[in-house]
Amino acid sequence: MKTRYSIFLTLCVVGMAWLTSCNAIFRDAPNDKLAENIIWSDEKLLDEYTGSWYRHMDNGFTILVSTIIKNNGEEFDAWFGDQLTVGRRDWYQAGYGEILKGSETMISGRSRLIWQTAYEQIKSVNKLLEHQAELPPAIRDRIVGEAHFFRAWYYYTLMRRYGGVMLIDRVFDPLVETVKYPRASYEEMVKFITEEADKAARLLPVSHETRHTGRVTKGAAYMLMGKTYFWAAGIKFQNADKPYLGFPDNRSDKMRELAALAYDEVEKLHAYDLLPASGGTVRDNALKYRNIFLTKNSVESILEVQHNDDGNFLYEFGHKLDRDAAPPTMGGTNCAYNPTQNHVDEYRMANGKMIDDPASGYDEDNPYENRDTRFYANILYDGAEWSSRTLDIHYTKIGSEEVAGADLTPYGTSTTASVTRTGYYMAKFLRESQQINTDETYASSQNYIIWRYAELLLDYAELDWYAGRTGDALIKINRIRERVGMPALPSVTLEDIMNERRVELAFEKTTYWDLLRLGIAEETMCGEDNPIFRVKIVVQDDGSKKYTYSVVNGRNNNIRYFDRKQYFWPISWSDIRYHGVDQNPDWKEV
């Protein structure tokens, strides 16, 4: 029965642990045996009840690609673009690889989990809102504000993944009631989500007292409103054939105008700013920039996933990012985050010019010299400094053999230990001082930032450019560039904005969703059209280095394939049958 009526019959799961810190927001344990009248009147129980909404909002760094199909929240979508790949070959045979190859069976299975989880949380929100009059007056605004935020949030995630879905704003039992819901149009989705976000913004505070750090705020609510309009302005959703797949005409300009107004509301709060990362050497600036992602709940952060401080990922909401990403000489075995040559080529030179510009000064024999500060912050390359050593990601020619360097040699005796497949390791998000030992229960503790002020500026720069406000767009882009010590651009094009977006938001999930809203996923996420490139560096007999670039995983070996129908994933078939609505185009039940 649960399978048949997947939206409605799963009890929401809420946290039982007492909320004593921001980490407890993400604890998850059942309290469905408690009487409801006790929950609605008790502040601590209410905070635990709402903890389920936070816990399922986003998995942050907890995902490991080999088990990606088992997780219920948003996966680490950056793996599916062209900025990152993985080192473990066996993962291409697991859930991650099957989704990457466009497997209908694996995508459908993953889709059912995402669909069910979102509606479980929506049901939980609806249930609380029906009891809002029973909430303690002293905390009612905050709790109700959170409820409206998360109802907006989960419908926003559903809209991005499926288009228009069934808008359910009350609790009902399909075994008792026969009411059925149609698929909402894109216009109805946008209206509902933004109205919910606006209700949240009116109730939520600009900031919280320390014990509630990490809970959603007024700024997060206005940001959600802006992101909804920003997404709906995407070229993919204009002049659509079906009302639930987009607008019947072109609403891009109108959506952009509304997005700008929402972002103005965030700006009016004067609560966010860019963290400084300039004023020193290039390495100093790179370290300051990297520290942005190691500082929890900073002035730049608008919304972030609250991972627990001790890194425990077995019993708490921790993760082992550093262990999963570290080079083998640092004890890493999974190589789960390999930056691609495609992405490395996106970083400009220190003088602000693209590497293919004849005036850039780019030296093919020394490709890592004089690059954008963020290259040194985000990428571990051959010769990079990390944890008091110089990385050895090259081969050395000895006679007729090519001997692998230390960071191309698997760590330990594990038969599944891996090294980079691209010639690079990820540095962004990682803590250089992190100790990696044999106790896999404890590891990293960084929060995952969902939205930060730099992303707002980048979104707004794009809005400015389309509205003809190129001067305003240039100011915003240069604010981001100058904060890392990069020279200001004299003028700005849309290509400049998109490049800055790819560099500043590197490996953040936004870069994946950009490919979909811009309608370029087929060409960007297919190995045949946009293969992933690697570099192989070999030190020659005379000490010089030879750089060879080749394809890591192209369409020729059935890796990385994006079909047009993947812009809109399949809705749960049980709900298609129950509500009698259309399935998204070209999907068949598997």
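The values are calculated or read from the model by the stated rules, or taken from the named source; none is laboratory data. Being a predicted model, the structure only gives us computed values, none of them experimental. Here Cβ is always computed from backbone atoms with ideal geometry, including for glycine, and neighbour counts include all displayed protein chains. These area figures cover heavy atoms from the full protein model, side chains too; ligands, DNA and RNA do not enter into them. Shrake-Rupley method; radii C 1.70, N 1.55, O 1.52, S 1.80 Å.
Of note:
- Close amide H contacts of residue 533 (hydrogens built in the peptide plane, cut-off under 5 Å, sequence separation of 5 or more or a different chain): 341, 342, 552.
- Taking 330, 255 and ordering them by how much accessible surface each has at a 1.4 Å probe, largest first, produces 330, 255.
- Net charge, residue 270 excluded, C-beta distance under 14 Å - Lys, Arg +1, Asp, Glu -1: -3
- For residue 235, solvent-accessible area (1.4 Å; no DNA, RNA or ligand), Å²: 120 Å²
- Protein-only accessible surface order, largest first, of 301, 433 at 1.4 Å: 433, 301
- Once you reduce the stretch 332-386 and the stretch 521-547 to the center of their Cα atoms, the two points are 13 Å from each other.
- Surface accessible to a 1.4 Å probe, residue 439 within the full protein complex, Å²: 70 Å²
- Candidate values (i) 1.07; (ii) 0.97; (iii) 1.01 were compared with Cα Rg over 2.2 N^0.38 Å computed on the shown model; the agreeing label is (ii).
- In nm, spacing of pseudo-spin labels at residue 397 and residue 370 (7 Å Cα→C-beta vector): 2.7 nm
- Per the Kirkwood formula applied to alpha carbons, the stretch 447-590 shows a radius of gyration over Rh ratio, Rg over Rh, of 1.10.
- Shape summary: the stretch 282-414 maps onto an equivalent ellipsoid whose semi-axes, from the alpha-carbon gyration tensor, are 29, 25, 11 Å in decreasing order.
- Order of exposure, largest accessible area first, which applies to 381, 442, 337 with probe 1.4 Å: 442, 381, 337
- Heavy-atom accessible area for residue 329, with the other protein chains in place and a 1.4 Å probe, reaches approximately 50 Å².
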